[in-house]
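In what follows, a single structure is set out as structure tokens and then discussed.
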Amino acid sequence: MAELLQSPAGSSFGFGRRQPTDVIRATVTQRAEGEAMVLDTEQLAALDALANSTLWALGQGHRQDPAGRHLYLWGPPGRGKTWLLGAYFDALPTERKKRMHFHEFFRELHARARDASRAALERLDAGPPSAGPGVIPATGAARAETRSSAIATAIDSLLGDLDVICFDEFHCNDPGDAMLLSRTLKRIFEHRILLVTTSNYSPDQLLPDEYFHHLIEPTIDLINTQMSVLQVAGGTDYRTLAKASDERSGYATGSIIPAGDTGRMIELGLEIPASHEAVTIKPTTKPIAAKRAADGRFWASFEELCEGPTATLDYLAMVEDYTHWVIDGVPAGDAMSPFGLRRFGNVIDVLYDKDLRLDLVVDGELEPALTLLPPADAARLRSRLAALASRLPSVGR
């Protein structure tokens with residue numbers, strides 16, 4: 001019988017007299033069997049790595065060198081990475097754990113960093129409590145140092161006293177996030193919090209734009225030196241497996257509808273908005289003109305939502321109010337601008353992660369647009385479009 005493990009000081013977990021590695025393996029395997037899943041070789045290897053890393057994070061090995069204990073699971077969409085991470089997270093025998101979609105984490109981090117920076121700069125500009133009128137303004141260097149310290153405070157406030165943090169869909173497409181990402185990983189590793197991520201990108205594929213890739217290289221170095229990078233790329237894309245209509249839910253209940261097919265729209269319960277329903281909403285800082293935004297339903301044109309100056313932070317704010325989205329006027333792929341295509345992918349990422357219904361009214365084939373994306377991005381978007389109940393064979397079915 002295994003000896004009862006002693007937890008690191010202050011850690012909060014419990015697994016009786018069973019090793020945490022056994023708990024993780026048994027629980028995840030049983031869940032797979034219950035869902036009629038057969039874990040492939042790469043999924044089983046990832047499960048072993050997850051179980052062993054848990055022993056380091058929660059057991060006596062916590063004082064050992066953490067290099068290689070953190071895990072970066074990557075591979076094409078639909079290969080079971082997110083399922084595996086979810087099953088692992090649920091099986092973790094600790095309450096001090098957090099799982100977040102990477103979009104959500106960065107949204108919260110930006111908000112906390114902004115608030116912390118504003119408060120710190122106000123204190124800096126006010127001077128010490130004893131200072132009277134005529135306080136000398138802080139120098140640029142002092143203000144930069146204050147902002148940097150506020151960012152560290154924001155990161156630490158998100159991490160708290162966690163034992164394990166899990167990120168779904170780890171990626172970086174924004175040059176402005178690259179430096180913040182490096183700082184975040186450093187803080188996680190310094191606090192010896194176990195980090196587990198899933199991604200559709202190998203580390204070297206992060207921020208692939210040749211003009212900005214150098215900004216992500218410090219993060220890539222951290223991943224390659226501190227994390228075990230495992231590929232999960234089994235031959236089955238679970239998202240493309242057909243399901244009966246009564247088995248679909250959330251995102252997968254949406255459709256891709258050819259423009260002008262009013263019969264199909266009526267069949268799906270999509271009533272074209274009346275002119276009096278038009279409204280302008282402001283989810284963050286930018287107004288968005290919607291054709292409908294009421295009772296949990298949001299309807300807007302592709303031109304307004306994707307070609308306008310919207311951002312992922314807007315979509316993340318909007319999903320709190322709207323659970324059914326319709327985007328019409330989606331142009332044929334070769335008519336999309338690069339920025340519109342990128343925002344289109346971001347909208348779909350957010351709605352897929354939140355498992356919210358999305359209906360697309362399209363003017364033509366979408367496949368030509370996918371050829372303009374890096375291969376990993378194209379595979380990701382193609383898989384998510386294929387998850388919709390599409391009538392168009394040219395988007396991945």
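The values are calculated or read from the model by the stated rules, or taken from the named source; none is laboratory data. Please read all numbers here as calculations on a predicted model, not as lab measurements. Cβ atoms come from the backbone with ideal geometry, glycine included; neighbour counts cover every protein chain shown.
Looking only at segment 28-52, residues that are hydrophobic (A, V, I, L, M, F, W, C) and in a helix (DSSP H, G or I) come to 9 in all.
Taking the listed residues 293, 332, the one that is more than 22 Å from the chain's Cα centre (by Cα) and surrounded by 18 or more Cβ atoms within 10 Å (Cβ to Cβ) is 293, with no other qualifying.
Residues that are in a helix (DSSP H, G or I), surrounded by 18 or more Cβ atoms within 10 Å (Cβ to Cβ) and either over 15 Å from the mean Cα position of the chain (by Cα) or not assigned by TED's automatic domain parsing to the domain that holds residue 41 (or both) within segment 90-111 comprise just one, 91. Every residue in segment 328-369 that is among the β-branched types (Val, Ile, Thr) and closer than 23 Å to residue 262 by Cα, please. Listed by number, the residues that qualify are 330, 361, 362. Among the residues of segment 267-301, the one identified as under 15 Å from residue 361 (Cα atoms), of a type in the set (Asp, Glu) and outside any helix (DSSP H, G or I) is 271. Checking each residue of segment 187-209 against the condition of being outside any helix (DSSP H, G or I), surrounded by fewer than 19 Cβ atoms within 10 Å (Cβ to Cβ) and in contact with a strand residue (DSSP E or B) (Cβ under 8 Å, 6 or more places away or on another chain) gives at least one match.
Here is the figure for segment 204-233: residues that are touching a Leu at 6+ places or on another chain (Cβ under 9 Å) and in contact (Cβ under 8 Å) with a residue 60 or more places away in the chain total 8.
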